[in-house]
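The structure appears right after this line, and notes come after that.
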Amino acid sequence: MQTCPNCGLDVLNSPESPDISPILSLVTTNNPPEPQDEAIARQLIASSEAGIAQIDGLITQVQQMLADLISRRAEYEHHLHQHKNVIRNIRCIPAEILVEIFLQTVIDGDPNDIWAVVEWDSLRSLELQFTGGSYTEAIPVTIFQHAPLLQDVDLNFAYRQNIAYIMSNILLPWSQLCKLSIEDISLESVFTILQEASILEECHISSSDTFTPSNIPTLSHQYLTMLHVTAWTREVAHGLFNHLTLPSLCKLSVDGLILQIDIICTLIERSSCRLTFLNLPTADPLVADDILRHLFSLLPDVTELCIHISFASFERIGARLAPTLLPQLRHLCLNGTDSRKRCDLVTLLRIAYTNVPPLETVIFTAYGCHLYELIPCLPTSKDPQIQMLQQWNRQLEELSSSFEADDVGNDSAFYCDLGHILSLMSNESETGMPGKYLCHETGQTVFSRLQGLLEQAPDSIHLRISAILALWLPRIQRNRTYGWMENAPARTAVYTRRHGSLQVKVRAREKDRFASFALKNGHLTLPLGPSV
């Protein structure tokens, strides 16, 4: 992969087709190979495997690039729509005329008449703000029931309201709603609405209750797949989860209080649901190991997980069992703490480097502690691997000078020296030489010199150099693509796919409670809390 000199963007270059095999006669027959033929075959196998890995990496990059372009296009469409609204002619109409138009639509004080100018056939979402007080209209507002496409409703109460009174005065098509968000509502009202909204798929609930009413029913909702709950007392949250059965639940998010994990375990077991997303940033951080192990065993399909837990506990249980109990997990967010409010960086490092593969994103957040030490230091000239690369570079520079001066010919000493260096490189490449050293300035120089020799070397040497480059290239690409980043306060450390930057921006999850924990457009969408 090369970088465009004008715009600085990566340019994806598709690898060339493999060359015709120099041992083609053996490929098409069952004749036993000679030792030199076997060596060539092994080099070609290594080269082909490296080519496949390179192509797989390019495919992943193209898929990521396509996803980014689709997301960016949606942003531009939204931007376009916003600014088209700015130049609409209706903005030029004086406010007094608009008021007069709406007043003229009201006949005999009927509250539904003022809505007659709205095209209800196209209404898909509705947000209602209740500022307090009681409704005194003699005639209920029924016009919302005539919106056949209305599926998304947001109810925001400034004060706790009597939901039965509201439902009788503002009639909504509850039976057709698919998404519902309710702020500041009683627990009893939650069950009333869930019973009415029988095909609801996504629900956001914020309850201000401080106790659980004695008369709330036990409810099984067959269609609810996404649920977010904000509750400020443990009793209310436990009362809600203990009375619900949600067999279709896929995504669950809870915040606002310290929640006991065993309550979530009981909900999952009772519902027999298969979660793919679980966000518990306010779970009890001092959870017992057996409860954490039990929770993980109930999440075989989860791909996104955020949990508030002591790092020591996760190291004992999660780091050892996560690959087995959470086989689909791809994005992990650990909001860590311990009883001393201090982060154990040694423990964090062990967790990080144990769990990076096959996870795509690992996020650590900690309150009152900077995570600088979690970010690996860049290689220096004192590192043994860099010194080894420097020695190879000096030797290759001398050999390259001979090539450029055309002083080689059939010089057996030259090819002997080159073969010796290539043997050292091949042995080291198979056993080690991580990508961070190959991406160092010295490593890049050695890589370039090998590419230069490749163009002039005979076939026997050509294959050996190609095999080394084929081993190095995936490591270089991975080190450039994946790596550690940190946010400005250094309270969030991330290992994920990146695009050259070591800094990551963090934003809260208020607008999208079920957003992935993966890095998207340079941002991580993390749970609210003091660690963000």
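What follows draws every value from the coordinates through simple rules; no lab data is involved. Everything quoted here is computed from the prediction, not taken from an experiment. Because the Cβ atoms are built from the backbone with ideal geometry, glycine has one as well, and the counts that use them run over all protein chains shown.
Sort 465-475, 213-223 by the packing proxy (mean of other Cβ within 10 Å over each peptide's residues), most packed first.
The most tightly packed comes first, giving 465-475, 213-223.
Neighbours of PRO22 by Cβ distance under 11 Å: Lys/Arg scored +1, Asp/Glu scored -1, total -3. For segment 293-301, putting each phi into the Karplus relation 6.51 cos²θ - 1.76 cosθ + 1.60 with θ = phi - 60° gives couplings of 4, 5, 4, 4, 5, 8, 10, x, 9 Hz, in residue order, rounded to whole numbers and with x for Gly and Pro. The ranking of GLU202, GLU269 by Cβ neighbour count inside 10 Å, starting from the fewest, reads GLU269, GLU202.
Across the cross-link table entries LYS251/LYS505; LYS382/LYS505; LYS84/LYS251; LYS436/LYS511; LYS382/LYS520, which are compared at the Cα atoms, the separations over 29 Å belong to LYS382/LYS505; LYS84/LYS251; LYS436/LYS511; LYS382/LYS520.
Take each peptide in 38-45, 277-284, 260-267, count the other Cβ atoms within 10 Å of every residue, and average; sorted highest first, the result is 277-284, 260-267, 38-45.
Computed from phi, the 3J(HN,Hα) profile of segment 509-522 under the Karplus parametrisation 6.51, -1.76, 1.60 (θ = phi - 60°) reads 9, 4, 8, 9, 5, 10, 5, 5, 7, 6, 6, 9, 6, x Hz, with x in place of Gly and Pro.
Output the relative contact order of segment 378-483, whole-number percent, from Cα pairs under 8 angstrom with separation of 6+ residues. Could the numbers behind the result be given before it?
Details: 72 pairs, mean separation 37.3, N = 106.
Here the relative contact order equals 35 percent.
Within the shell defined by Cβ-Cβ distances under 11 Å, the residues around GLU202 carry a net charge of +1, with Lys and Arg each +1 and Asp and Glu each -1. Counted by neighbouring Cβ atoms within 10 Å, the residues MET433, MET167 run from fewest to most as MET167, MET433. For segment 378-483, what class follows from the C-alpha gyration tensor (a ≥ b ≥ c being the square roots of its eigenvalues): rounded when a/c is under 1.5, otherwise prolate if a/b is larger than b/c, else oblate? The shape class here is prolate.
Residue ranges 192-198, 26-32 sort as 192-198, 26-32 when ordered by packing (mean number of other C-beta atoms within 10 Å per residue, highest first).
Let me check I've understood the local charge: for GLN328, count other residues with C-beta under 12 angstrom from its C-beta, Lys and Arg +1, Asp and Glu -1. What total comes out? Residues close to GLN328 contribute a combined charge of -1.
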